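Q: Sharing a structure, written as structure tokens. Questions coming.
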Amino acid sequence: MAEPFLIGEAMTGGYGAVDILHSCTLAVDPGEIAVIVGPNGAGKSTAMKAVFGMLKLRQGHVRLAGEDITQLTPQARVRKGMGFVPQTSNIFTTMTVEENLEMGAFIRTDDSIPDTMAQVYDLFPILKQKRHQKAGELSGGQRQQVAVGRALMTRPRLLMLDEPTAGVSPIVMDELFDRIIEIARTGISILMVEQNARQALEIAHKGYVLVQGANRHTDTGKALLADPEVRRSFLGG
């Protein structure tokens with residue numbers, strides 16, 4: 001079987017002496033949406049940070065397109081095609097929307113940056129409308145669009161989102177999920193942590209239920225939504 005485009009395999013590690021992840025495995029293919037769900041404190045965000053190189057692994061490895069990147073810094077991983085949108089402090093509030101997007105392209109040396117910006121504005125029309133406004137003046141949902149747009153400016157092959165819908169209304173959540181589906185359709189792999197587990201699994205090709213830093217259930221989004229044990233334990237019945 002061909003190896004997945006991204007795989008964080010049997011990842012064990014944490015901060016200092018205490019392991020938070022216990023042989024946790026996550027994988028995602030091109031154009032696929034993989035969602036990490038589970039109770040609070042399950043290590044969901046930690047697993048994502050491990051994939052991005054923000055956490056030292058004691059065991060396991062991370063491979064992207066068949067290349068072992070376990071030892072690479074986050075900056076080096078961005079150059080390899082990883083984009084990461086953290087849950088907080090993910091935009092420059094005193095800069096305009098357009099300046100935020102330009103900052104996203106800082107590692108690029110090609111001359112098609114305006115094309116990527118046009119794609120981001122197609123995806124998020126409100127950002128085009130507000131491109132000269134300071135990002136700090138935008139609503140929560142619009143700020144998230146700026147953060148995602150900024151990550152897209154690096155032209156990632158894999159986009160990682162840590163709780164992209166935290167603190168936004170259900171309508172804004174649906175809209176963000178629609179945009180995430182559109183991004184995946186362009187062939188970009190999506191790996192995201194979500195508190196809104198049920199809604200996230202509805203759009204996921206693949207779901208990972210983590211409990212205490214270990215894989216508890218792994219299946220398609222549809223199968224997990226239909227699984228009585230998953231529903232009872234993690235989806236509120």
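Q: Taking the criterion of being crowded, with 20+ Cβ neighbours inside 10 Å and at pLDDT 95 or above, would at least one residue in the stretch 86-95 satisfy it?
A: Checked against the condition, which is being crowded, with 20+ Cβ neighbours inside 10 Å and at pLDDT 95 or above, the stretch 86-95 yields no hits at all.
Q: Give me the strands (runs of 3 or more DSSP E) completely within the stretch 160-237, filtered to those with at least 2 residues that are among the basic types (Lys, Arg), ordered by residue number.
A: Once the strands (runs of 3 or more DSSP E) in the stretch 160-237 are filtered for at least 2 residues that are among the basic types (Lys, Arg), nothing remains.
Q: Are there any pairs with C-beta distances below 6 angstrom linking a residue in the stretch 158-183 that is under 18 Å from Ser45 (Cβ atoms) to a residue that is modelled with pLDDT of 95 or more and of a type in the set (Phe, Trp, Tyr), with the two at least 6 apart or on different chains, and if so which?
A: Met160/Phe84
Q: Just give me the residues in the stretch 97-115 being in contact with a helix residue (DSSP H, G or I) (Cβ under 7 Å, 6 or more places away or on another chain) and either closer than 22 Å to Ile180 by Cα or at pLDDT 90 or above (or both), in sequence order.
A: Val97, Asn100, Leu101, Met103, Gly104, Ala105
Q: Taking only pairs six or more apart or across chains, which ones have beta-carbon atoms under 6 Å, a first residue in the stretch 49-69 that is under 15 Å from Gly16 (Cα atoms), and a second residue that is polar (S, T, N, Q) and assigned to a strand (DSSP E or B)?
A: From residues that are under 15 Å from Gly16 (Cα atoms), the pairs are Arg58/Thr12; Gln59/Thr12.
Q: One residue is enough: does the stretch 132-145 have a residue meeting the conditions surrounded by 15 or more Cβ atoms within 10 Å (Cβ to Cβ) and among the small types (Gly, Ala, Ser)?
A: So far as the stretch 132-145 goes, yes, one or more of its residues are surrounded by 15 or more Cβ atoms within 10 Å (Cβ to Cβ) and among the small types (Gly, Ala, Ser).
Q: In the stretch 1-36, what residues are in contact with an Asp or Glu (Cβ under 6 Å, 6 or more places away or on another chain) and under 27 Å from Arg232 (Cβ atoms)?
A: Of everything in the stretch 1-36, those that are in contact with an Asp or Glu (Cβ under 6 Å, 6 or more places away or on another chain) and under 27 Å from Arg232 (Cβ atoms) turn out to be Thr25, Val35.
Q: Check the stretch 98-109 and report whether any residue there is in a helix (DSSP H, G or I), within 23 Å of Arg143 (Cα to Cα), touching a residue at least 40 places away in the same chain (Cβ under 8 Å) and among the charged types (D, E, K, R).
A: yes
Q: Then there is this: Considering each of Val193, Val209 in turn, give the residue that is touching a strand residue (DSSP E or B) at 6+ places or on another chain (Cβ under 9 Å) and either of a type in the set (Asp, Glu) or farther than 16 Å from Gly83 by Cα (or both).
A: Of Val193, Val209, the one residue that is touching a strand residue (DSSP E or B) at 6+ places or on another chain (Cβ under 9 Å) and either of a type in the set (Asp, Glu) or farther than 16 Å from Gly83 by Cα (or both) is Val209.
Q: When both residues are 6+ apart or on different chains and their Cβ atoms are under 9 Å apart, which pairs have a first residue that lies in the stretch 1-16 and is under 16 Å from Met48 (Cβ atoms), and a second that is exposed (fewer than 12 other Cβ atoms within 10 Å of the Cβ) and β-branched (Val, Ile, Thr)?
A: Hits for this filter: zero, empty list.
Q: Take Lys44 and tell me if it is loosely packed, with under 14 Cβ neighbours inside 10 Å and in contact with a strand residue (DSSP E or B) (Cβ under 6 Å, 6 or more places away or on another chain).
A: When the stated conditions are applied, Lys44 does not pass them.
Q: Of all residues in the stretch 85-116, which are touching an Asp or Glu at 6+ places or on another chain (Cβ under 8 Å) and of a type outside the set (Val, Ile, Thr)?
A: Pro86, Gln87, Phe92
Q: Would you check if Gly31 is under 14 Å from the mean Cα position of the chain (by Cα), over 22 Å from Val168 (Cβ atoms), surrounded by fewer than 17 Cβ atoms within 10 Å (Cβ to Cβ) and at pLDDT 95 or above?
A: yes
The values are calculated or read from the model by the stated rules, or taken from the named source; none is laboratory data. Note that the structure is predicted; figures quoted are calculated from it, not measured. A quick note on method: Cβ atoms are made from the backbone with ideal geometry, for glycine too, and the neighbour counts reach across all protein chains shown.
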